[in-house]
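Quick notes on the structure that follows.
Nothing in this text is a laboratory measurement; each read-out follows from the coordinates by a stated rule. Quick caveat, the model's predicted, so the values are computed rather than measured. Note that each Cβ is placed from the backbone with ideal geometry, even for glycine, and that neighbours are counted across all protein chains shown.
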Amino acid sequence: MKRIGTTVAASLITICLVSPTTTAFAQNFNGDARWIAMGAVGDQKNMALSLAGEPEGRSYRSIPVPLGLFQVLRDFSIFDPGDENFNPVRAIEYAASPMHLTIGRDGDSAGERLINDLVNGRISRDLTAYRGFLPKSDLEARGLWDSSWGKTFQIPTLGVGPRQAIYVGAGPYMSIGTNLNFDQRLIDAINGVSAVQPNTTYRILNATEDQVAGAVTAGYRIRIPVAALSRSGSDREGLYLAANYNYLHGFNYDAFDLSVQLDTDSSGLVTISPTTEPLIINRVTSSGGRGFSLDFATGLVVDRWTFAVSANGVANRITWDNLRAETFELTSVLDGSDFIETDLPSPAAERRVELPVRYSGSTAYHSDRWSTVVEVSHGLQDWEFRGGAEYSLGPIDVRGGGRYVRDLFHPSGGIGLNLTRSFGIDAAVFTTATNIERARKASFAVSLRLGQVVP
């Protein structure tokens, strides 16, 4: 048993309480402003939409301009536990969306103040001091970032038969899942909906599990001509099939159980002498794991139409070994006490973690001047909808779209400046809710486009 400072405990508490709002990994880390403006369709690694059987050079490459990093570096002191401006809530929100410039995320909110005070063990005895903090009482969320970068090698073919290819790549595999419960009576008491009750216990509970791993991918692609469906005679028409095998090597696993108990005295203030520890974190961690996952997709291109379905993460699992367990306890949330860390016996020799399979279906239409795409998916965040459209005015492309994710609609829009046939600048404006209150805030993305957009 030993006493520790706030650094480790601050990280654990903030991950538990803020992670439900920061799970949209794909859009947060992708800097392609054209893709974002059109609703971020295909962010679940839909191989069929990318038409992996295409020859090299048929699509553009995007180089993001990291506007968000300028915002992060300007407030870099919030990451330093030794600095008076240390703000773990804002730090994790910045880390969850580092690429994009977000308006209004550099100001303190009631939710930030509550969590920062919990981290430092100095909450206000008067809970109404945090009025304005309106989280959902029950919130479950999952997120996964599993981008892959690599190369597709075409297999030589004779004549006009099927076109085959092999894909080899690698990338991150990072997941987080969390289940957060705020006592509704506590939310009502903080915001004056009901009075703070004397001699009452209010609770905040959370269970969070995260994985950091890398993926090495080997894939097979094939395009099969379907003469009966051919309309334009284009070599793009046909049936596309794709499959990936992803070897997963785990670097870090954490599972947290957080319990915050706020007891009030006869005056309705947080009691100075609680009968039990007001804040406890149980943690299980590992630094090594191995596993795999499978991806399957099929697409059909007929004239200007594209239809695609995919199943990503089939049979996915990572088995973590050499588990370690520990607990962090805070004896008071009022006097700035240090956390007490205690090592616990290992709960098991191994732990296998599986994520829901992500299913998606999409439809796209392309004409000479405009294109549109819609996607419906189900998996990590229950049902999701994304859609967008683009219209070319020659030197300028106009785009719009939106996402419906976790009961919130996020509109998006943008433009593309086509400076030459193979170089352009894309800009997007969209909304994001990567903050403790899940309030929608305007964000901006800018990227450079190399190559032509080929439907």
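Here are the numbers for the structure shown:
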item: Alpha-carbon centroid distance for the pair the range 346-386 / the range 395-443, whole angstrom; result: 19
item: Whole-Å semi-axes of the ellipsoid equivalent to the range 126-223 (Cα gyration tensor, √5λ, descending); result: 55, 13, 9
item: Pairs of Cα atoms farther than 11 Å apart, the range 351-391, %; result: 67
item: Rg and Dmax of the range 194-288, Cα atoms only, in Å; result: 28.3, 81
item: 18 Å tail of the calculated P(r), the range 114-157, as % of Cα pairs; result: 64
item: Principal axis dimensions, largest first and in whole angstrom, of the range 306-354 by Cα; result: 62, 31, 9
item: Protection proxy ranking of 186-196, 415-425 - average other beta-carbon atoms within 10 Å, highest first; result: 186-196, 415-425
item: Whole-Hz couplings from phi, Karplus 6.51/-1.76/1.60, listed for the range 241-255; x for Gly and Pro; result: 10, 8, 8, 10, 10, 10, 7, 10, 10, x, 10, 7, 9, 9, 10
item: Simple Cβ-charge dipole of the range 191-327, Lys/Arg +1 and Asp/Glu -1, about Cα centre, in debye nearest 20; result: 740
item: Sorted by Cβ neighbour density within 10 Å, fewest at the top, the residues 151, 441; result: 151, 441
item: Cα shape, the range 233-335, gyration tensor, a/c 1.5 rule; result: oblate
item: Nearest-20 debye value, the range 305-455 charge dipole, Cβ charges on Lys, Arg, Asp, Glu; result: 920
